[in-house]
Every structure is written in C-alpha cells, then in structure tokens.
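Take a look at the following structure, please.
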Amino acid sequence: MSPKTLYDKIWDAHVAHEAEDGTCLLYIDRHLVHEVTSPQAFEGLRLAGRKVHAPDKTIAVPDHNVPTTAGREDPAQMTAESRIQVEALDKNAREFGVHYYPVSDVRQGIVHIVGPEQGWTLPGMTVVCGDSHTATHGAFGALAHGIGTSEVEHVLATQTLIQKKSLNMKVEITGKLKPGVTAKDITLAVIGETGTGGGTGYVIEYCGEAIRDLSMEGRMTVCNMAIEGGARAGLIAPDETTYAYVNGRPHAPKGAQWEAALNWWKTLYTDEGAHFDKVVTLKGEDIQPVVTWGTSPEDVLPITGVVPNPEDFEGGKVEAARRSIEYMGLTPGQKLTDIEIDTVFIGSCTNGRIEDFRAVAEVVKGKKIKDGMRAMIVPGSGLVRAQAEEEGLADIFREAGFEWRLAGCSMCLAMNPDQLSEGERCAATSNRNFEGRQGYKGRTHLVSPAMAAAAAITGKLTDIRDLI
Amino acid sequence: MEKFEKLTGIAAPMPLVNIDTDMIIPKVFLKSIARTGFGKNLFDEMRYNRDGTEIEDFVLNKPQYRNSEILVAGDNFGCGSSREHAPWAIADFGIKCVVSTSFADIFFNNCFKNGILPVVLPQEQVDVLMKDAEKGENARMTVDLEAQQITTSDGEVIKFEVDAFKKQCLLEGLDDIGQTLQKQSSVEAYEGKMAQERPWV
Ligand code: SF4
C-alpha cells in the first residue's frame, strides 16, 4: 500500500459514496451548530419536511451574539435581532432533538471551545460547523472545517457533505520556541510567510518539534488560524498529549471502547514517504513575538519591526497596503512598539482557553492596566470561567482593572454590544483584523495573550520579552 | 435554485485584492434569519457613508454600474468567514458571476449553492476582463457556462475551467440535498459498518 498522509487516512475512513468524477459524500461524525448560520438551514428542513438525520451527532450552542455581561438572561440585554436568532436556535434545537447548551448552562461557550471540552471532538473524526474557525478541532487530528448555511442544511438532512479531496500541505516548525513566543506567534508567523491565500486548496498538517511540544490549548490556537492562511483545514496528529486531554471528558469513550478507540487513533499519523503537494518549514528559534499592522492577517511583523511602506509590496498588494495603513491610522516607518492602544480584548476561540488566561495572569499579576484603558477578558466557555475563578486568575484580572466577562464570542466579531468605536485601537487575541471586524472603523492588532496583557499595562504594543 | 446558463450583462471592475466577507456584507447584517434582502447592504461600508448616503466613487454607486450582473475582482476574493450571507448579498444585488484569479475555498463553494458562477482565470485574462469592465455600461460581456467561455465586448473569447458536477448543478438548478438523499442507501451501509468498526463515534 502506498504511504498516506494523516489527511488521506481520515478522508478515506469517511467516504460513504464516491462518484465517477471523484466527488465524494463525506460522512460527518460531529456537526456543531450556532445561532447565526443555522436558522435558515433549519427553516429549509422544515419547509421540505425533512428531519435531522443524526441528532445524536449534532451539538448546538449559542455564542456569536450572546451578551457577555452579568444578567444576560434578561432579554432586554439583547437587540431584537440577536434575541430572534438565539430564540430560533433554542426552538430548533429542542424541536429537532439535538444536544443543546443554552446560555443558562454553565457548559455554554464558544462552539469550538465547548466541543473539545465536552469530549465531542475526538481524533480521526470529521467535524463541521457553520463557522470558518472549525479548523480549531484539527488540533485533535480530526478533519474539521467550516461550511456555509446550505451545507449546514445538507449535513443536518443527510449527515454527509459533498466534497472533493483537497491537496496535502505540510507546515513543519522545527526546534524549540524562544521564551515569550507562543502558539499564536507560530500561527501568525506561518500566515505571514504563506499569505492569506497560501493554503487555498490544501489541508495543512502541522508538525515538527515545536508543534509536538505544544499543549492541546496551543495546538488548538495553531489550527484555529489555518483558515486565515486559506486552508480548508489544519491537522495535528494525535499523540499522548491528545489522549491525556481527551481521556475522561464527558463524551469521550470509556472502558473497552476507549481501548478500541485508542488502538485506531494510534494509526493516525502520516506514513514515512507520504506525498505532500506543498511544504513550508519554519525554524522555531527564528519565530519572534509578532503583531499585525494592517487589515489582513498576513500583515504580520515581529514586534521589533516598523510599519512598512506600501511601495515595498508588489501588484495589488501595494494598493491594499496603502488602504490598510490609512485605515489603521499609521505612518510607514513608525516603530510598532510606539503604537498606542486604548482597548484590549482577550478571548475568542483562538485564545479563550485556560492556558491563555494563565499566561495573561502571569504578566498582569500585581500590576494595573494603564489609565483610561478599556480591557476585557472573555472566557471561551462557562467552564473555563469557573476554572479561572478557582485558580484565582479572575481575582488577578479584576484587581488589575480588567473586565471579567461571561462566555461568548464577544468582541472577536462584535455582533453583540462588545464593539470598538470609530478610531479605537485594540490589541486583540482573536483571529481577524479585517476592516470593521471589531466595530465600525475600529482598528485591530492581532497578538498573543501575553502580548495583549503587556499592551494593557503599558498602553502600547509591547515586546513581551521586555517584561519577562 | 435558479439555473445559470448564459448571461450577458454589465461587469463591475473591483481590482482590490483580498476582498473579504466582512467587506462583502458586514456582520451587523447577519442578524436576519431569512436568506433574502441582503443586496442593499452588499459592500455596505465601502458603499455608504455612516449617515446612509452613498459614497459616489464606489463602483456600484456609479450610474453605469448600478445594474451590474458580473463582478471582476482582485485576487483571493471572498476570504474570511464562512457566512453564506456573502453570496446571498451578491445574488440578491443581482450579480450572478464573479471573476478573479482566486477565491477563498468556502466562499467559492457557497457561490455554486446559490446560483452564482465563480470563474477563476490567470492574471493576464483577468486583466483583459478588468479593462473591458472599466469601459462601463455599454461594454457588456457574455458568460456562457455550457461553452465555458466569456466573450468580452470586443468579441475576445476567454475559456475557463469548471468542475463538471458543479457545472451540471448550476445548469440544471439542482438542489444538493435531494441528490444526496438518492444515495441514502450508501450512507446507511456506511453507518452500519461504522457501528461495528468505530462504535464510540
Ligand atoms: S470567537 Fe470569533 S472566530 Fe471564534 S467562533 Fe466566535 S466569532 Fe468565530
């Protein structure tokens, strides 16, 4: 048998039907559903008189536009439209009988944090969700990607997706990371290298020593942003770190089934000599703490750099860079560490997990945020929040002057009241710095949690290495 | 789904690269639970001032492009989120074909499910179409899906590739779910096998 990549193996294990032209029906093991991209899909089912094919494999949780402030059960906290969406999910989840974590459930949170936390996401699975950051689940060696609403409806009705296989891409991070460099810096550095279109048409497998050394939280951060690099999905082969995380989770297999599962999971790696259509290698030691200066996630530079000159780019990027710099209110040549910040957002499915908050606490412990700074920390789930409370992290945040919120997507996409105002400048741990992403004319610099914490203290983009 | 066979219409030039889904339809418009009505907010932040008045020099506000049915765009069109509101907004505005050197994956697939034909062409050919589109209202181009070609207003013919299955679905306006349900027995057979092999799923 010819050697296979990890992606080849998971793909092959899920083809339920293959047409002559190579179009496949890929069987979906887990379908995650949230309030924004599902109402039209459920409506479609209802109109066609169809049922959810596998309600047991379907998990619904509201996250995108739920308020993250205390007392949010009060409907008055939501705009009419948000309320309609959340209520629609509530109704659909109950009517179609899928697993459901409403806002009042402590397990509620961002769908990509809840899935792994509850053990819904397991190695070797196919996972989809009507949200592009479904790539997060690839950290478990699960083939996970975002789909549109028509596809949500298709999966609900058939538990399959019409797919053609993508190409294989390997991203290897060799060696060790330097102090102050995190999973977020890895994933941003890769996008800086490949561009936002560099992964288009590929499924990326991340590998190498620096990836192996990451915790599951860190691996989720890396895979989360595979989509910003244009890839359909990101994958990391499961190993002892993965099994240790999964073991004992509410929906993970137990007893004899655990043993059987483990046996299969241990076959999930890329065979020696398997073919990759594209290979990118970065040295772990070379990666520095990075920050984005523009309005595309590929606009990445080490924190020690300066705002670039648009003329230094080529083709259409010259105009895009000019537009970005103007939008961001920057000047070419300006030192990145001179950029003043007025808002800090720590959270999202990229960096809203316990490990992220521990990194933040380490930086802010015993310090105060800069006068006039608006800084919020939004846990990725109710359980992350509870754990941070228990570990005393929440007290550190409150004492430092951070707002300590309830779980949700919050300012990552600013569909709820958590938004930037015109011209506000934010250091954010989320994944997108597009124009208007965090609020109309808001300006976003993407950074790691430690770097966001440092910016909250100093009031500027800051090299975390100066604080450690 | 509406069929797509052949279209002759005005093409709007949008040479900007990396036009993302937040630009196509800002998320404040994602709160609807319907599929229609997004056209008026297509490219909202580029198209309107904060007070709701139109920004004159935005291409779709120019008199000659208000009825565009084709969009010729810069590289990596549709990157960003998976929101299907982006193709819904494009379709609702009346645009049925988008041409670029590349598209983001999810957006590309979403187009086909909404009767929009995304055409990928090499840079030189996109440049030709961009030039043609810049001529304005009278420079109508023709997109012929059956023949897989675009004819410029000058009669220059540019061939394009399209996946055979997706082409068929667009030509016939076929609904995916109905087709998949016809293969339900394969899916059930797969499920039966998996219940044995991987019961923990
Ligand atoms: S946190 Fe942000 S990126 Fe993640 S699911 Fe929510 S909106 Fe999407």
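Where residues in region A:205-225 are away from the ligand (no atom under 14 Å from the Cβ) and among the β-branched types (V, I, T), which of them is farthest from A:G115 (Cα to Cα)?
Ranking the qualifying residues of region A:205-225, first place goes to A:I211.
Let me ask something else about it. Test of understanding: among B:I90, B:I106, B:I150, which residue is on the phi < 0 side of the Ramachandran plot, outside any loop (DSSP other than H, G, I, E, B) and within 10 Å of chain A (Cβ to nearest Cβ)?
Working: B:I90 fails: within 10 Å of chain A (Cβ to nearest Cβ); B:I150 fails: within 10 Å of chain A (Cβ to nearest Cβ).
Only one candidate qualifies: B:I106.
Condition first: modelled with pLDDT of 95 or more, more than 22 Å from B:N110 (Cα to Cα) and away from every other protein chain (no Cβ under 14 Å). Can you find one or more residues in region B:160-168 that meet it?
Looking through region B:160-168, none of the residues is modelled with pLDDT of 95 or more, more than 22 Å from B:N110 (Cα to Cα) and away from every other protein chain (no Cβ under 14 Å).
Here's the yes/no breakdown for (1) within 14 Å of the ligand (Cβ to nearest atom); (2) away from chain B (no Cβ under 13 Å); (3) under 19 Å from the mean Cα position of the chain (by Cα); (4) within 30 Å of A:R212 (Cβ to Cβ):
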| residue | (1), (2), (3), (4) |
| --- | --- |
| A:A80 | no, no, no, no |
| A:E87 | no, no, no, no |
| A:N92 | no, no, no, no |
| A:V98 | no, yes, no, no |
| A:Y101 | no, yes, no, no |
| A:V111 | yes, no, yes, yes |
| A:W120 | no, no, yes, yes |
| A:G141 | no, yes, yes, yes |
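Among the numbered criteria (1) hydrophobic (A, V, I, L, M, F, W, C); (2) assigned to a loop (DSSP other than H, G, I, E, B); (3) over 15 Å from A:G109 (Cβ atoms), which single criterion is violated by A:V66?
Looking at each condition in turn, A:V66 falls short on (3).
Condition check ((1) under 23 Å from A:K367 (Cα atoms); (2) not small (G, A, S)) across all residues:
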site: A:A394; (1), (2): yes, no
site: A:A400; (1), (2): yes, no
site: A:G408; (1), (2): no, no
site: A:C412; (1), (2): no, yes
site: A:Q419; (1), (2): no, yes
site: A:A427; (1), (2): yes, no
site: A:L446; (1), (2): yes, yes
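With respect to A:E326, determine if the residue is among the acidic types (D, E), under 20 Å from A:L446 (Cβ atoms), within 14 Å of chain B (Cβ to nearest Cβ) and more than 15 Å from the ligand (Cβ to nearest atom).
Working: among the acidic types (D, E): yes; under 20 Å from A:L446 (Cβ atoms): yes; within 14 Å of chain B (Cβ to nearest Cβ): yes; more than 15 Å from the ligand (Cβ to nearest atom): yes.
When the stated conditions are applied, A:E326 passes them.
Looking at (1) away from the ligand (no atom under 13 Å from the Cβ); (2) away from every other protein chain (no Cβ under 14 Å), can you tell me which one A:V152 breaks?
(2)
So is B:R83 assigned to a loop (DSSP other than H, G, I, E, B) and more than 16 Å from the ligand (Cβ to nearest atom) or not? Break it down into steps so the answer makes sense when it comes.
On the way: assigned to a loop (DSSP other than H, G, I, E, B): yes; more than 16 Å from the ligand (Cβ to nearest atom): no.
Criteria not met by B:R83.
All but one of (1) free of Cβ contacts under 8 Å to residues at least 12 places away in the same chain; (2) within 16 Å of the ligand (Cβ to nearest atom); (3) outside any loop (DSSP other than H, G, I, E, B) hold for A:C426; state the number of the condition that does not hold.
(1)
Turning to a different aspect of this structure: What is the residue count in region A:400-423 for residues that are free of Cβ contacts under 8 Å to residues at least 40 places away in the same chain and within 13 Å of another protein chain (Cβ to nearest Cβ)?
Final tally of qualifying residues: 4.
The values are calculated or read from the model by the stated rules, or taken from the named source; none is laboratory data. If you're wondering where the values come from, they're calculated on a predicted model, not measured in any experiment. Reconstructed Cβ throughout: ideal geometry from the backbone, glycine too, with neighbour counts over all protein chains shown.
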